[in-house]
Structures are given as structure tokens and as C-alpha cells.
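Report on the following structure.
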Amino acid sequence: MTATVIDGKAFAAGVREDIATHVTRLKDDHGITPGLAVILVGADPASEVYVAAKHKQTVEVGMASFEHKLPGDTSEADLFAVIDQLNADPTVHGILCQFPVPDHLNERAVVARIDPAKDVDGLSVVNAGLLASGETGLVSCTPLGCLMLLRDQLGNMSGKEAVVIGRSNLFGKPMGQLLLQENCTVTIAHSRTADLPEVCRRADILVAAVGRAEMVKADWIKPGATVIDVGITRIPHPEKPGKSKLLGDVDYAEAMTVANAVTPVPGGVGPMTIACLLANTLTACCRANGLAEPEGLTA
Ligand code: NAP
């Protein structure tokens with residue numbers, strides 16, 4: 001058996017096209033331009049790359065992009081003043097602070113300061129609570145992206161056994177909640193789970209978000225399962241000195257022999273994250289203006 005490769009890069013490009021169409025309509029019909037503000041504290045090189053990618057894709061779909069680059073020694077009070085100003089700005093519909101922030105700042109406090117209606121990363125306690133209670137909020141971008149890929153691949157997921165490996169607030173917990181909303185029977189596994197391979201073998205839908213390269217082997221996978229690989233581990237490239245290579249949590253070559261469909265790393269889940277950030281910004285903009293939400297871009 002050779003599994004289908006779930007092409008997240010192509011799917012994300014389609015999502016961005018869809019968003020761009022909605023943005024054009026918002027501008028033409030209502031004179032509204034959705035706006036995303038990104039705050040970067042300090043000069044972490046990886047964060048600068050992510051922020052640049054977010055800016056580029058925000059502009060490409062026709063949204064307004066507001067970048068706030070603050071020095072690494074910015075105090076909590078000064079950062080909060082910037083967030084407060086963005087919370088009050090009606091041209092800003094989404095706000096995110098790029099993590100990690102320098103050690104003297106508290107990430108939970110930073111997220112809590114952002115208006116939940118503009119928390120397009122979906123990381124606040126308010127949005128986590130809304131998701132857990134089945135109410136409307138903004139959903140963390142990577143799980144939302146995985147949900148979109150799964151819906152596209154499987155359609156109705158009702159009654160399926162889903163196993164999520166990883167229980168972080170950023171990914172594992174919201175992913176579990178989303179699969180529950182799809183009427184899956186959900187297991188969230190973690191480092192203390194007994195006999196993890198046996199638990200995973202139950203899964204019609206297996207989602208791995210751990211950060212341990214190629215941990216999930218062929219004999220962990222139920223034949224015909226759909227496998228979503230969220231993990232990212234960077235290793236030195238075996239053939240290109242000085243370059244690095246990304247590995248997922250799933251042994252891709254092995255999974256391809258057992259599963260029905262698998263996301264590759266890179267090119268699977270990764271591209272969906274920024275696409276869903278833009279989707280959340282569009283959703284937040286529509287809600288702020290009392291307009292109908294775009295279909296297919298929310299949980
Ligand atoms: P995290 O906060 O470090 O959580 C990792 C989870 O994996 C924890 O729940 C941990 O269990 C569990 N775990 C660790 N070792 C394990 C083991 N041996 N067996 C079973 N479970 C184990 O990480 P995260 O933020 O959720 O991210 C997970 C991975 O996804 C990382 O590689 C990250 O880079 C990647 N990621 C990718 C994207 C993307 O855009 N593609 C977005 C987000 C995250 P305990 O809770 O028991 O410690």
C-alpha cells in the first residue's frame with residue numbers, strides 16, 4: 001500500500017486564495033480592510049523569519065499588516081501599552097505577539113492582555129474556554145489547519161477513533177477539542193501514556209505533535225489510517241554541509257506503506273499555520289463588523 005500524500009502547501013495556497021477573494025469583497029462592498037498586527041520583542045533570528053513570512057502573506061491576501069518591532073529590553077508596561085493601543089484600534093482585527101518573548105516577560109500575561117476578539121493565535125484562556133465549551137471563539141492556528149486538512153481528506157469524521165500525541169495548550173488540547181466537535185472518539189496521549197504504540201494502533205486519525213523525530217513507526221499505525229504529522233525537529237542536513245533538514249514525528253517512509261494518507265514534513269501542516277492566522281484575522285474582522293463569517297475557514 002502507498003498512502004496518499006496530503007499536500008498542505010497546495011491546500012494552504014488554496015485557503016489563501018479563498019481569503020484574498022473574501023478580502024476583495026469586504027473592501028469593495030463594505031470599504032473594510034482586515035488588519036493584522038504582529039508584535040516582535042527582541043531580535044531572535046528565527047522569530048524574525050516567521051514575522052517576515054507572516055507580513056508577506058498578509059499583504060499578499062490584501063490585508064493590512066502592522067508590524068511593531070520592540071527592543072529586547074522592552075518592559076511589560078511598555079509592551080502592554082502597545083497591546084492596549086492595538087486593542088482599541090478599529091483598523092486592527094487581529095493581534096499576535098511572536099513567541100518566545102525575552103525571559104523578563106510572561107507569555108501567559110502577554111496573551112491575556114490581548115482582546116480575546118483579536119486573539120487570532122487563539123491562545124488566550126478565554127478562547128481555550130470557548131472552544132472547550134463548544135462556543136464561538138478563535139481557534140489556535142495549527143490545530144485549525146489540521147482540522148481543515150482532515151475535513152478535506154475525510155469529510156465526515158463522526159465515530160472515528162482519533163489519537164492526538166501531545167497535550168500542549170498550543171496544539172494537543174485544542175486539537176483534541178476540535179476532533180471531539182467532529183464527533184470523533186478522542187484520546188490525547190502524552191509522555192506518561194502506557195503502551196503508546198498500542199494506543200496509536202487504535203487510531204483511524206493519528207495526529208502526532210511531540211517534537212521527537214520519526215518516533216511513530218509503521219507498527220504504530222492502523223492500516224488505512226490518516227496520519228497528520230505536526231512535529232518539527234531540525235537536524236544537520238546529511239548531504240548538504242551547513243544546511244539543516246526538517247524531520248517530523250512520523251517515520252514518513254514507513255507510514256507511507258501502512259496509512260491511507262500522510263502529511264509530509266515539510267510541506268504538510270506547516271504551511272497551514274499562517275494560512276489559518278489569516279483565516280482567523282478575516283473571521284475576527286467579519287465578527288467585529290457584524291458581517292457573516294466566511295464559510296470553511298472556521299472550526
Ligand atoms: P510541547 O509543548 O513541547 O508538547 C509536546 C508534547 O509531547 C507534550 O504533551 C509531551 O508530553 C509529549 N511528549 C513528549 N515526549 C513524548 C513521548 N516520548 N511520548 C509521547 N508524548 C511525548 O510541544 P508543542 O508546542 O505541542 O509542539 C509539538 C511539536 O509540534 C513540536 O515539534 C513543534 O515544533 C511542532 N509544531 C509545529 C507547528 C507547525 O506549524 N507545523 C506548530 C506548533 C507546533 P507531556 O505533556 O507529558 O510532557
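For (1) under 16 Å from the mean Cα position of the chain (by Cα); (2) of a type in the set (G, A, S); (3) surrounded by fewer than 18 Cβ atoms within 10 Å (Cβ to Cβ); (4) not assigned by TED's automatic domain parsing to the domain that holds V227, each residue gets a yes or a no:
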site	(1), (2), (3), (4)
R108	no, no, yes, yes
A112	no, yes, yes, yes
R151	yes, no, yes, no
G166	yes, yes, no, no
F171	yes, no, no, no
M175	yes, no, no, no
L180	no, no, yes, no
D195	no, no, yes, no
D204	no, no, no, no
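What number goes with the only condition from (1) acidic (D, E); (2) within 16 Å of the ligand (Cβ to nearest atom); (3) touching a residue at least 24 places away in the same chain (Cβ under 8 Å) that D84 does not pass?
So D84 meets the others, but not (2).
Give me the residue from region 24-39 that is hydrophobic (A, V, I, L, M, F, W, C) and buried (at least 22 other Cβ atoms within 10 Å of the Cβ) and, out of that set, nearest to L86 (Cα to Cα).
Quick first cut of region 24-39, residues hydrophobic (A, V, I, L, M, F, W, C) only: 26, 32, 36-39.
From what's left, buried (at least 22 other Cβ atoms within 10 Å of the Cβ): 36-39.
On the way: L36: 10, A37: 8, V38: 10, I39: 10 Å.
Once the filter is applied, the top-ranked residue is A37.
Inside region 160-191, can you point out the residues that are over 18 Å from T273 (Cβ atoms), within 6 Å of the ligand (Cβ to nearest atom) and among the polar types (S, T, N, Q)?
The one that is over 18 Å from T273 (Cβ atoms), within 6 Å of the ligand (Cβ to nearest atom) and among the polar types (S, T, N, Q): S191.
Give me the pairs: first residue in region 178-207 and in contact (Cβ under 8 Å) with a residue 60 or more places away in the chain, second residue away from the ligand (no atom under 14 Å from the Cβ) and in a loop (DSSP other than H, G, I, E, B), beta-carbon distance under 6 Å, and six or more apart or on different chains, which are they?
Within 6 Å, the pairs are L178/A299.
Identify all residues within region 123-135 that are out of contact with any strand residue (DSSP E or B) (no Cβ under 9 Å at 6 or more places or on another chain) and either crowded, with 17+ Cβ neighbours inside 10 Å or in a loop (DSSP other than H, G, I, E, B) (or both); write none if there are none. Quick ask: steps written out before the conclusion?
Start the filter on region 123-135 by keeping residues that are out of contact with any strand residue (DSSP E or B) (no Cβ under 9 Å at 6 or more places or on another chain), which leaves 124-125, 128-135.
Of everything in region 123-135, those that are out of contact with any strand residue (DSSP E or B) (no Cβ under 9 Å at 6 or more places or on another chain) and either crowded, with 17+ Cβ neighbours inside 10 Å or in a loop (DSSP other than H, G, I, E, B) (or both) turn out to be S124, A128, L130, L131, S133, G134, E135.
Pairs, please: C-beta under 6 Å, at least 6 apart or cross-chain, first residue on the phi < 0 side of the Ramachandran plot and in region 154-168, second surrounded by 19 or more Cβ atoms within 10 Å (Cβ to Cβ) and part of a loop (DSSP other than H, G, I, E, B)?
Note: pairs meeting the criteria are M157/E182; M157/C184; K160/C184; E161/A203; A162/C184; V163/A203; I165/V210.
Any residue in region 47-60 that is farther than 13 Å from P271 by Cβ and exposed (fewer than 14 other Cβ atoms within 10 Å of the Cβ) sitting within a Cβ distance under 7 Å of a residue that is of a type outside the set (D, E, K, R) and at pLDDT 95 or above? List the pairs, counting only those 6 or more apart or interchain.
Close Cβ pairs satisfying both conditions: V59/S65.
Among the candidates T298, T257, T273, single out the residue that is within 21 Å of I205 (Cβ to Cβ), touching a residue at least 24 places away in the same chain (Cβ under 8 Å) and within 14 Å of the ligand (Cβ to nearest atom).
On the way: T298 fails: within 14 Å of the ligand (Cβ to nearest atom); T257 fails: within 14 Å of the ligand (Cβ to nearest atom).
Of the residues listed, the single one that is within 21 Å of I205 (Cβ to Cβ), touching a residue at least 24 places away in the same chain (Cβ under 8 Å) and within 14 Å of the ligand (Cβ to nearest atom) is T273.
The values are calculated or read from the model by the stated rules, or taken from the named source; none is laboratory data. Model, not experiment: these values are computed from the prediction. Please note: Cβ atoms are built from the backbone with ideal geometry, for glycine as well, and neighbour counts cover all protein chains shown.
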